[in-house]
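Have a look at the structure below, then the notes.
The values are calculated or read from the model by the stated rules, or taken from the named source; none is laboratory data. Note that this is a predicted model, so its numbers are computed, not measured. We place every Cβ from the backbone using ideal geometry, glycine too, and count neighbours over all the protein chains shown.
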Amino acid sequence: MGDSTVPLGYAKSSMSEEDFRLLRDFIYENSGIYFSDAKKDLLENRLSLRLKANNLKDYQEYYYMLRYGPQQSREIKALFDSVSTNETSFFRSPPQIQALQDYALIDVVKKRLERGENILRMWSAGCSTGEEPYTMAIVVKEFLKERLSEWDVKILASDISERALSSARRAEYNAYSLRSMPDLLKYKYFDNSGNTYKVKDEIKKLVELQYLNFVDSKRVSLMQGFDIVFCRNVLIYFDDALRKRFVSQLYDSLIPGGYLFIGHSESLHNITRAFKLVHFPGALAYKKE
């Protein structure tokens, strides 16, 4: 076929098996994201735009750019933006959010008060464009109500994608992102302008956004003292070895009695037995005892 059959925005060079292995291994070493052999076409499609952006003729050139190019650090960040998935929404997986509100928060707040502490620490690990941590902040605000001013609340939100974090900092969303959210909360915590919903400052100030690569064990080990961690739909991108190491670090990041929420289709079966599995209506969580 001639060049006219190549879709606009896609590289004309195909990815060889050798290029796939080199790029797949590079991505894994630097981000923990693993592309199996079955996902070669997916990786090729996602990286084709980076070839076009850098005016490169093939994937081998792109690999050498990542390894040795003068713009290496900038391009690696663009690579992470390309290969990470940012599909999310407010109040995603409502049974989990209900479990947070009706059970986990009640439990951890009670335990904090028993120790004479008005401190609440939460972590959205893999926060994408911000919908998850802002959801957590809204739930906390609704839970503590007028007592919020008496509490030291911090929700840490981290991601590997600089592009996603920039979007989270803007905190502006369309109606589709709020599709699972109760209308009352939508009007209460967002400023609406046409089709744009902007998170109000009272919610934004509870969330601290930062870049974090989960492969960086030293940085991850500094994440400590959390009552609740949401790490949903992250483990599916790792291989077994990294899953076990990262889940062990998530366990260490929680205080005793803290809760870990993972994606509803994910499981810690065959990864760790350190947590106690807790059953909530329509949802599961893992508790550090």
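One residue alone among Tyr63, Tyr68 is more than 23 Å from Ile203 (Cα to Cα), free of Cβ contacts under 8 Å to residues at least 12 places away in the same chain and among the hydroxyl-bearing types (Ser, Thr, Tyr), and that residue is Tyr68.
The number of residues in the range 193-227 being closer than 23 Å to Gly258 by Cα and touching a strand residue (DSSP E or B) at 6+ places or on another chain (Cβ under 6 Å) comes to 9.
Scanning the range 128-152 for residues that are under 29 Å from Asp216 (Cα atoms) and assigned to a helix (DSSP H, G or I) gives Glu131, Glu132, Pro133, Tyr134, Thr135, Met136, Ala137.
Per the listing Arg121, Arg147, the residue uniquely under 15 Å from Phe226 (Cβ atoms) and not hydrophobic (A, V, I, L, M, F, W, C) is Arg121. Applying the criterion of being charged (D, E, K, R) and part of a helix (DSSP H, G or I) to the residues of the range 79-119, the residue that is surrounded by the fewest Cβ atoms within 10 Å (Cβ to Cβ) is Glu114.
Taking the range 153-199 as the region of interest, the strands (runs of 3 or more DSSP E) fully inside it that hold 1 or more residues being in contact (Cβ under 8 Å) with a residue 24 or more places away in the chain are 172-174, 196-199.
Within the range 238-283, the set of residues being of a type in the set (A, V, I, L, M) and either assigned by TED's automatic domain parsing to the domain that holds Ser31 or assigned to a helix (DSSP H, G or I) (or both) comprises Ala241, Leu242, Val247, Leu250. In summary, Ala157 fulfils each of the numbered conditions (1) within 21 Å of Asp81 (Cβ to Cβ); (2) surrounded by fewer than 16 Cβ atoms within 10 Å (Cβ to Cβ) with the single exception of condition (2).
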